[in-house]
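Just below is one structure, and these are the notes that go with it.
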Amino acid sequence: MAKRFTDTELWEQDWFIDLPTKYKLLWCYVKDKCDHVGIWRPNTVLAQRIIGEPLNAIEFLTFINTEEKKRIVVLPTGRWFLKDFFIFQYGAVFSPTSPIHKGAVKALLANG
């Protein structure tokens, strides 16, 4: 089981507060289910079953990606990349000799 850091201040951020409840849950689900670099293969059918509400991926991305901040990038592969995930989990200093960072580069390149 992967263990991750979580931002406890998320619950006080205006953009998150303004999300419909089902999209708050989807945001948390995507953060928990993405890989170690922040890439998630969208599976809205499964997410809908878990959340118990109909979901619209385009509507969700519209809520998440505001004019002030783009939080998710849809990659050429169709997968979603959570822009700040890796930095939040591993820090802002990148070391090309770190095994974790080498793996991150490999995963990012593989997904375009």
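Take the residues of the stretch 45-66 that are part of a loop (DSSP other than H, G, I, E, B), over 19 Å from residue 111 (Cβ atoms) and among the polar types (S, T, N, Q): which is modelled with the lowest pLDDT?
So the residue we want is 66.
Looking across the stretch 17-44, the residues that are more than 18 Å from residue 87 (Cβ to Cβ), in a helix (DSSP H, G or I) and open to solvent by less than 40 Å² (accessible area, probe 1.4 Å) come down to 23, 26, 28, 29.
Taking residue 10 as the residue in question, decide whether it is of a type in the set (A, V, I, L, M) and over 12 Å from the mean Cα position of the chain (by Cα). Here the answer is yes, as residue 10 does meet what is asked.
Among the residues making up the stretch 75-95, a single one is touching a helix residue (DSSP H, G or I) at 6+ places or on another chain (Cβ under 7 Å), more than 24 Å from residue 17 (Cβ to Cβ) and either exposed (fewer than 11 other Cβ atoms within 10 Å of the Cβ) or modelled with pLDDT of 80 or more (or both): 86. Within the stretch 60-74, restricting attention to residues that are of a type in the set (Val, Ile, Thr) and loosely packed, with under 13 Cβ neighbours inside 10 Å, the residue that is farthest from residue 21 (Cα to Cα) is 66. In the stretch 94-107, the residues that are of a type in the set (S, T, N, Q) reach residues that are open to solvent by less than 40 Å² (accessible area, probe 1.4 Å) with C-beta atoms within less than 6 angstrom, at least six apart or across chains, in these pairs: 95/101. Restricting 3, 102 to those that are open to solvent by 90 Å² or more (accessible area, probe 1.4 Å), in a loop (DSSP other than H, G, I, E, B) and basic (Lys, Arg) reduces the list to 3. Here residue 93 fulfils each of the conditions (1) farther than 23 Å from residue 15 by Cβ; (2) part of a helix (DSSP H, G or I); (3) not basic (Lys, Arg) apart from (2).
Please verify whether residue 104 is farther than 23 Å from residue 10 by Cα and of a type in the set (A, V, I, L, M), treating the condition exactly as stated. Criteria met by residue 104. Do we find a residue being under 16 Å from the mean Cα position of the chain (by Cα) and within 15 Å of residue 89 (Cβ to Cβ) anywhere in the stretch 40-54? Within the stretch 40-54, one or more residues are under 16 Å from the mean Cα position of the chain (by Cα) and within 15 Å of residue 89 (Cβ to Cβ).
The values are calculated or read from the model by the stated rules, or taken from the named source; none is laboratory data. Remember, it's a predicted structure, so these values are computed and weren't measured experimentally. Here Cβ is always computed from backbone atoms with ideal geometry, including for glycine, and neighbour counts include all displayed protein chains. Just the protein is used for accessible areas: all its heavy atoms, side chains included, with ligands, DNA and RNA removed. Shrake-Rupley method; radii C 1.70, N 1.55, O 1.52, S 1.80 Å.
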